[in-house]
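Data first, discussion second: the structure below is written as structure tokens.
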Amino acid sequence: MTGPPPGRDDARPIPQRVGRHSAEDVEGTAGVDGLPDAGGDDIYTVDVRGRRARRHGSVPPGPAAPQGGRRPAGRPGGPAADVRVRRDQERPRGTRRGRFAAGRVVLLAVVAWLAFMVVTPVHAWSTVTKVDTTPAGSRPAHTKGFTYLLVGSDSREGLTAAQRKQYATGNAAGRRTDSIILVHVSQSGGKPALVSIPRDSYVPIPGHGSNKINAAFALGGPKLLVRTVEQVTDLHIDGYVEIGFAGFADVVDSVDGVTICVPFRMNDKKAGINLQKGCQVLDGRNALGFVRARYSDPRGDIGRAERQRQFLAAIMKKALTPATVLLPWRYWAFTHAAAHGLVVGGDTSLRDASRVLLTMRAVSKDQGLSLVVPIQSLSYQTSAGSSVKWDSERARLLFRSLRNDTPLEAPPAGTDGKPSGG
């Protein structure tokens, strides 16, 4: 069969259907201009965006598109996606730097605060008055646990004339005891305890016959008082802490008052107070009168001893709140007010004083015991006048428990302040 020779127009490719085929179907030889031959059904496209981006200094292109113009799922490509990837890689680096800087600031602040917390009481401790309280002669042996003597005195030292009038303390010279408290810290796992010794307790005083125990303080100061307490209890006193009137008032005012639940109306001119029954915030003047009052309390010395322990627990509860500890100026004021008017034994350390404070704190949280030496009579007639007579048998049992550091979990019999003799 013959015919005219094919012309150029006869070579025009016939449009083909676009479809999906396997890789073998689309393979072919290169055609004009390097394009694949039309022998396959798929149309090939070339993405030149990446090449243009390189010419313009942008980021490298993503992976080339596969046959059929489709990209693998989960692998977005193109310049925009590449920019996002690079930004995501750079962002954590800057964030880490910022977090590290912030962490350093927080760490430095914490270290500075801890240093302040330590330095403040140490500085306050350096201002306290130290006296020799080590008694002469033989003393009870050291035993397990720690026993301290905490004394509240009526010393007017440090008070101005205006303060003496404000606090209704009078102008008596010297100092006497307003409270005598044994502080026992167990090493056997028992609860710490505050044990009040009524100041009218009738006991033998070395070198001075028998008298009310507060006479020992008036006659021979802290040294004779320590010796007297050791003799009648057979307990070795490991440290001595005394605070005067000025210290009481200043400590309370340094924490903006203390909450006290007054058990009954107290109108006592000698103590300078007129308090209504109920819980209320007392300032330094009223708090001092609250712990001093005797004549407005029907239980006399026993009621006063109980109020003193109540006050000590309340002041420590207030002193250790975040409002006091976390505010530098208030923390400084409290520690230095506590040091003002404070007298300690020459062998009493800051660690010893801390144990006393922590015992008061434990009592305020019902984690310690608040006790009174067992009593037989509140009106025992002696040469020194109406006195407090101990219940000798129960008192010996209590002191033996403290001496042996027997763990105490509940108040021993007779330590509630109620006379056993009626």
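Selection of first residues in region 349-377 that are within 15 Å of GLY190 (Cα to Cα) and of second residues that are open to solvent by 30 Å² or more (accessible area, probe 1.4 Å) and among the basic types (Lys, Arg), restricted to Cβ pairs under 6 Å at least 6 apart or on distinct chains, gives the following pairs, ordered by first then second residue: GLY368/LYS191; LEU369/LYS191.
Being open to solvent by 10 Å² or more (accessible area, probe 1.4 Å) and more than 12 Å from VAL151 (Cβ to Cβ) is the filter; apply it to region 231-241 and report the residue that is nearest to the chain's Cα centre (by Cα). Only one residue tops the list, namely ASP238. Residues of region 262-304 being under 28 Å from the mean Cα position of the chain (by Cα) and over 19 Å from VAL252 (Cβ atoms), which ones? Listed by number, the list is empty, since nothing qualifies.
Helices (runs of 4 or more DSSP H) fully within region 315-422 that include at least 2 residues being closer than 26 Å to HIS208 by Cα and modelled with pLDDT of 95 or more: 392-403. Residues in region 270-299 that are closer than 22 Å to SER386 by Cβ and open to solvent by 20 Å² or more (accessible area, probe 1.4 Å): LYS270, ARG292, ARG294, TYR295, SER296, PRO298, ARG299.
Could you tell me whether any residue of region 359-379 is of a type in the set (D, E, K, R), surrounded by fewer than 21 Cβ atoms within 10 Å (Cβ to Cβ) and on the phi > 0 side of the Ramachandran plot? Within region 359-379, one or more residues are of a type in the set (D, E, K, R), surrounded by fewer than 21 Cβ atoms within 10 Å (Cβ to Cβ) and on the phi > 0 side of the Ramachandran plot. Being among the charged types (D, E, K, R), open to solvent by 70 Å² or more (accessible area, probe 1.4 Å), farther than 20 Å from LYS365 by Cβ and not in a strand (DSSP E or B) is true of ASP256. Just give me the residues in region 220-245 being farther than 24 Å from GLY303 by Cβ and in a helix (DSSP H, G or I), in sequence order. Across region 220-245, the qualifying residues are GLY220, GLY221, PRO222, LYS223, LEU224, VAL226, ARG227, GLU230, GLN231. Scanning region 330-353 for residues that are touching a helix residue (DSSP H, G or I) at 6+ places or on another chain (Cβ under 8 Å) and farther than 14 Å from ALA249 by Cα, we see that the one that is surrounded by the fewest Cβ atoms within 10 Å (Cβ to Cβ) is LEU350. Checking the structure you have, find out if any residue of region 317-329 is more than 21 Å from the chain's Cα centre (by Cα) and open to solvent by 20 Å² or more (accessible area, probe 1.4 Å). Scanning region 317-329 turns up no residue that is more than 21 Å from the chain's Cα centre (by Cα) and open to solvent by 20 Å² or more (accessible area, probe 1.4 Å).
The values are calculated or read from the model by the stated rules, or taken from the named source; none is laboratory data. Not measured: the values here are computed from a predicted model. So basically every Cβ, Gly included, is an ideal-geometry build from the backbone, and we count neighbours across all protein chains shown. Note: accessible area is taken over every heavy atom of the protein model, side chains too, but ligands, DNA and RNA are not part of it. Shrake-Rupley method; radii C 1.70, N 1.55, O 1.52, S 1.80 Å.
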